[in-house]
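Worksheet: the structure to be examined is printed underneath.
The values are calculated or read from the model by the stated rules, or taken from the named source; none is laboratory data. Quick caveat: nothing in here was measured; it's all calculated off a predicted structure. Here the Cβ positions follow ideal geometry from the backbone for every residue, glycine too, while neighbour counts run over all protein chains shown. All accessible areas refer to the heavy atoms of the entire protein, side chains included, with ligands and DNA or RNA removed. Shrake-Rupley method; radii C 1.70, N 1.55, O 1.52, S 1.80 Å.
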2 protein chains.
Amino acid sequence: VALLLNPPGPPPEWLRQLKAALPDVEIRLWPEVGNRDEIEIAAVGSLPHGELAKLPKLRMIASLFAGQDLLLGDPLLPDVPIARTDTAEGSTSMTETVLLHVLRHHRFLPQYQDSQARHEWKPLPRLRPRDTTVGIMGLGPLGLAAAKTLRDYGFDVAGWVRRPREEAGIAVFYGEDQLAAFLARSMIVVNLLPPTPALRDVLNRETFAQMPKGGSIVNLGRGTHVVDEDLVAALDSGHLGAATLDVFRQEPLPAESPLWAHPRITVMPHVARRLEIDEIVPRIAENVRRLHAGQPLVNLVDRALGY
Amino acid sequence: VALLLNPPGPPPEWLRQLKAALPDVEIRLWPEVGNRDEIEIAAVGSLPHGELAKLPKLRMIASLFAGQDLLLGDPLLPDVPIARTDTAEGSTSMTETVLLHVLRHHRFLPQYQDSQARHEWKPLPRLRPRDTTVGIMGLGPLGLAAAKTLRDYGFDVAGWVRRPREEAGIAVFYGEDQLAAFLARSMIVVNLLPPTPALRDVLNRETFAQMPKGGSIVNLGRGTHVVDEDLVAALDSGHLGAATLDVFRQEPLPAESPLWAHPRITVMPHVARRLEIDEIVPRIAENVRRLHAGQPLVNLVDRALGY
């Protein structure tokens, strides 16, 4: 039995931990595929389209990324189970990223940096966390962990999800019908939605207009969730106050993009989350164990939903 | 009995809370001083030099600011007790400011914003909090509360103080002899020292050189703690990575200051702390009660030390 690995980072630590967790499985580092008939498992963030289709004995894909769009975008993707590897506790580094950027917007850092560029000394209100409304779009493992941290810190937190549910101390809005109300009460909107076709362009001219004046956007989901021209227009009109973007329709963001030079946009080079190898490897190993024991796999991607 | 108030912000809420806490004391809002012979207490952040000397019956000054330099700089300051009004628990907003800026430097936000200005997509390492060393200069109420929050978050925290002491989970360095060792282990140095003559210029060419390469400065103390030219030189040489400055030798920072335009300096207009009226007023009331009961005042400033 062999596992094909394409890690999103330096391979040595991935190899070391996978070998320790799966001593009976041969780990092969893509593109050194070897005999394709021996590969039953692929642990990948993404691969070039058609690569997974070349593995006739493939029985499971362990997806190393939180978003499944890169895998599901492969028109030749084999019809085998795709197992997520993120933990129910979310990601420490993504939660930290959300806290950092929510604090930045809560304390008006983008506005101060805009003032700084004009050599302008202009103190702004110092709000208490309870006076700042934060809306998290998407309460999957990443969004929920971040929402709980913000709630515990004292922010006034809401979430927007597909189906109704309860979360202690978090106002949960759901479905298209409640999106406008969710946005209207959220001064800082953090996008952690999954990258599905239905959610493409969800942050657009119309939805920005539903946000309160002076509101902020923090996009940690995918570039395709946001209509860039509409965001720039909402900032330029003065309706929105600032935006922090970690993800873009094209990455790296092209040097000629107008987003780079916008005085109220902070551009981050897709660094919100640090994949924690020691959190992910046990999730892969658990499903490999289940696969070989003939037990049902856990934490599977719903291809129809896209996550 | 009258109390002269000069609040650092809109007076109505100060007046309301002081009147409620001290129903037997007449509150007068500076500069409406009235009969100076009736004023026994001054609750002020600062006043023009010589103003307090005009109050012949003054028995106590309640200092509304954390730093005593403005009061103690008055050459005509009357020889009456000066009572601090900050709480032992520190300041919620100052702790938030420290967390915000330490997270910013830990996640290399200033470097990313410098890259953004050059339209450059350049991901940097994503460190864990335990891999980032933070050094807090000054463990008074503000510094200690911030240090504990950073420690609890997972950062590797040290403090630098005047005299030896123990703080759980915080490496305490003390005195001039240990300053170099404290700086050498601190990637992010946060200044919350009191504004005393002995600490003037403490962050200078020599002490910057003692910090690790790539280190950062967050100055939330006073502008006089930092030699600006030395800071700019340390940034320009590449020895230091970035600096966030909330305080300056001259405030507002003059438009012609080179600090505004430096690509690795974040300028904030002295907004680190929000004075919490409802935390400060009970501290004033407690000492007024003690004054009238003939009991010793508490939380007094040591004029020789300067804090």
Per-residue average of Cβ from other chains inside 10 Å of B:117-127:
5
Using a 1.4 Å probe on the protein heavy atoms, what percent of the accessible area of the stretch A:180-264 belongs to carbon and sulfur?
56 percent
Read phi for every residue in the stretch B:16-23 and hand back ³J(HN,Hα) as whole Hz from Karplus 6.51 cos²θ - 1.76 cosθ + 1.60, θ = phi - 60°, with x for Gly and Pro.
4, 6, 5, 5, 5, 7, 10, x
Place the label 7 angstrom along Cα→C-beta at A:ASN35 and in each other copy, then list the distances from the first to the rest in nm, shortest first.
10.6
Over the protein assembly as shown, consider all pairs of different Cα atoms and compute the Kirkwood hydrodynamic radius from their mean reciprocal separation; express it in Å, one decimal.
27.0 Å
Measuring from a point 7 Å out along Cα→Cβ, what nm distances, shortest first, does A:LYS213 have to its partners in the other copies?
5.1
Semi-axes of chain A from the Cα gyration tensor (sqrt of 5 times each eigenvalue, largest first, whole Å) come to 38, 20, 18
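Which loop GluC sites (Glu not before Pro) in the stretch A:238-302, with loop taken from DSSP, have no more than 12 other Cβ atoms within 10 angstrom of their Cβ? Intermediate values should be presented prior to the final figure.
Values: sites: A:GLU256, A:GLU276, A:GLU279, A:GLU286; in loops: A:GLU256, A:GLU276.
Passing both the DSSP loop test and the Cβ count: A:GLU256.
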Taking every DSSP bridge whose two residues both lie in chain A, the antiparallel percent to the nearest 5 is 5 percent
Which value, in Å², gives the accessible area per residue of the stretch B:1-105 when a 1.4 Å probe is used on the protein heavy atoms?
40 Å²
Sort all Cα-Cα distances of the stretch A:22-156 into consecutive 10 angstrom bins from zero, then give the percent of pairs in each bin up to the one containing the longest distance.
10, 28, 21, 18, 14, 8, 1
Taking a label point 7 Å from Cα toward Cβ, how far is A:GLN250 from its twins in the other copies, in nm, shortest first?
4.6
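By its C-alpha gyration tensor, with a ≥ b ≥ c as the square roots of the eigenvalues, how is the stretch B:1-74 shaped: rounded for a/c under 1.5, else prolate for a/b larger than b/c, else oblate? Can you show the working numbers first?
Values: a/c = 1.79, a/b = 1.17, b/c = 1.53.
It comes out oblate by the Cα gyration axes.
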Over all residues in A:99-109, what is the mean tally of Cβ atoms on other chains that come within 10 Å of each residue's Cβ?
4
Any idea what the relative contact order of the stretch A:162-307 is, in percent, if you count C-alpha pairs under 8 Å spaced at least 6 apart?
18 percent
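Can you give me the % of accessible surface on the stretch B:86-158 that is carbon or sulfur? Probe 1.4 Å, all protein chains present, nothing else counted.
On the way: 1260 of 2420 Å².
It is 52 percent, rounded to a whole number.
Between B:LYS57 and B:ARG185, what length comes free when the chain is fully extended (0.36 nm per residue of separation minus the Cα-Cα distance, one decimal in nm)?
41.0 nm
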Suppose we take every Cα in the stretch B:210-300 and form the convex hull; what volume per residue is that in Å³?
136 Å³
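Counting Lys and Arg as +1 and Asp and Glu as -1, each charge on the Cβ, what is the dipole of chain A about the Cα centre in debye, to the nearest 20?
Details: 33 positive and 37 negative charges, 132 e Å.
Using Cβ point charges on Lys, Arg, Asp and Glu, chain A gives about 640 debye.
Report, for the protein assembly as shown, the % of DSSP beta bridges that are antiparallel, rounded to 5.
Values: 4 of 88 bridges.
Within the protein assembly as shown, antiparallel bridges account for around 5 percent of the total.
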Net dipole in debye of the stretch A:152-197 [+1 Lys, Arg Cβ; -1 Asp, Glu Cβ; about Cα centre; nearest 20]
140 debye
What relative contact order, as a whole-number percentage, does chain A give when Cα pairs under 8 Å and 6 or more residues apart are counted?
17 percent
Residues of the stretch A:267-281 losing 40 Å² or more of accessible surface, assembly versus chain alone, probe 1.4 Å, please list them.
A:MET268, A:PRO269, A:VAL271, A:ARG274
Under the rule of at least 5 residues apart or a separate chain, name every residue whose amide H is placed under 5 Å from the amide H of A:ALA158.
A:VAL134, A:GLY135, A:ILE136, A:ALA171
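Restrict the search to the stretch B:140-177; then list the GluC sites (Glu not before Pro) that DSSP places in a loop and that have at most 16 other Cβ atoms within 10 Å of their Cβ.
Details: sites: B:GLU166, B:GLU167, B:GLU176; in loops: B:GLU166.
The qualifying sites are B:GLU166.
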Cα centre as origin, Lys/Arg/Asp/Glu Cβ charges: the protein assembly as shown dipole, Debye:
520 debye
How large is ³J(HN,Hα) for each residue in the stretch B:76-83, as worked out from phi by the Karplus curve 6.51 cos²θ - 1.76 cosθ + 1.60 (θ = phi - 60°), to whole Hz, x for Gly and Pro?
9, 4, x, 8, 10, x, 10, 9
Distance violations [Cα-Cα > 30 Å] among B:LYS122/B:LYS213; A:LYS213/B:LYS19; A:LYS122/B:LYS19; B:LYS122/B:LYS148
A:LYS213/B:LYS19; A:LYS122/B:LYS19; B:LYS122/B:LYS148
Calculate one ³J(HN,Hα) per residue across the stretch A:211-228 by plugging θ = phi - 60° into the Karplus curve 6.51 cos²θ - 1.76 cosθ + 1.60, and present them in order as whole Hz with x for glycine and proline.
7, x, 4, x, x, 10, 10, 10, 9, 10, x, 9, x, 6, 6, 10, 8, 4
Could you pull out every residue, at least 5 positions away or on a different chain, whose amide H is within less than 5 Å of the one on B:TYR174? Hs are placed 1.01 Å off N in the peptide plane, and Pro or chain starts have none.
B:VAL161
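Hey, what number do you get for the protein assembly as shown at 222 nm if only DSSP H runs of n ≥ 4 count, each worth -39500 (n - 2.57), divided across all residues, to the nearest 500? The partial results should precede the final answer.
On the way: 18 runs with 180 residues, N = 614.
So the calculated ellipticity at 222 nm is -8500 deg cm²/dmol.
What quantity of accessible surface, computed with a 1.4 Å probe and excluding non-protein components, is buried in total between chains A and B, in Å² to the nearest 100? Spell out each step's value before the answer.
Numbers: alone 14860 and 14880 Å², together 25660 Å².
Rounded to the nearest hundred, the buried surface is 4100 Å².
Which percent of the accessible heavy-atom area of the stretch A:5-46 goes to carbon and sulfur, probe 1.4 angstrom?
Details: 1070 of 2120 Å².
Within the stretch A:5-46, the accessible surface is 51 percent carbon and sulfur.
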Considering only A:LEU55, A:LEU100, A:GLY45, whose Cα is most displaced toward the positive end of the charge dipole of the stretch A:40-111, charges sitting on Cβ of Lys, Arg (+1) and Asp, Glu (-1)?
A:LEU100
Check B:GLY241: other-chain or 5+ apart residues with amide H under 5 Å from its amide H, H built from backbone geometry?
B:GLY214, B:GLY215, B:SER216
Gyration tensor (alpha-carbon) shape descriptor, the stretch B:242-293, a/c threshold 1.5
prolate
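Residues of A:88-95, mean number of Cβ from any other protein chain within 10 Å of their own Cβ, rounded to a whole number?
Working: counts 0, 0, 0, 0, 3, 5, 0, 0.
Neighbouring Cβ atoms belonging to other protein chains average 1 per residue here.
Counting only heavy atoms of protein chains, what accessible area per residue, in Å², does the stretch B:203-269 have with a probe of 1.4 Å? Could the numbers behind the result be given before it?
Details: 2510 Å² over 67 residues.
Heavy-atom SASA per residue in the stretch B:203-269 reads 37 Å².
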